[in-house]
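The values are calculated or read from the model by the stated rules, or taken from the named source; none is laboratory data. These figures come from a predicted structure and were not determined experimentally. Glycine also receives a Cβ, built like all others from the backbone with ideal geometry; neighbour counts cover every protein chain displayed.
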Amino acid sequence: MKWYENRALAWVALALCVAVSVVGLGGMYLSRTREHALRVFTDGADPSQPVRHSMDAYLDHAAEAAQIMASEAALHLGDSQLARDAGDEAAELARDENGPAARYSTYAQLKGHVEQLYNDMYTAVGSDEFHNFKLAYDDFWGDDDLIRRDPYPALARSYNRLIAGFPASVAAALTGSGALETFGG
């Protein structure tokens, strides 16, 4: 019997072709889906707008507001560990080289420190000195609202659901594409 007439070999070849096509084509789809979600994170859903409306931009703006609050708190409260911590976290949040998961972790910690700073500042200073801090505080929580309404978390959840099942989990493991941070959404 010739090798090309062997049925067992034909079945093995068919199974191999099916496995490669499922993992290969599925992997390409997963890669495109992940890349799209990350592009929405950095560039926003509509990059044609002159102002960048993206999760990345909102986090940058929240970091700027937190740095203003930390500097105002340091000015009015003196040497405050809480103000230093908030300033350090704001600087860490502003670093773009950190991925979405690291930035979210820093942002989640920063939200708690911002709230504590607000309470400390509110009780320590009068309303005249509190004005700049309050403006930055309102900007920070305005950015938090924008972060919660951004389309990125929905795309990240969708991608994470895709890689949860078989054979997508195999393709994701082979390509090194892990789950995306959903920013609490």
For residue 118: the one exception among (1) under 30 Å from residue 178 (Cα atoms); (2) among the aromatic types (Phe, Trp, Tyr); (3) in contact with a Phe, Trp or Tyr (Cβ under 8 Å, 6 or more places away or on another chain)
(1)
Being at pLDDT below 90 and in a loop (DSSP other than H, G, I, E, B) is the filter here; which residues of the stretch 151-165 pass it?
163, 164, 165
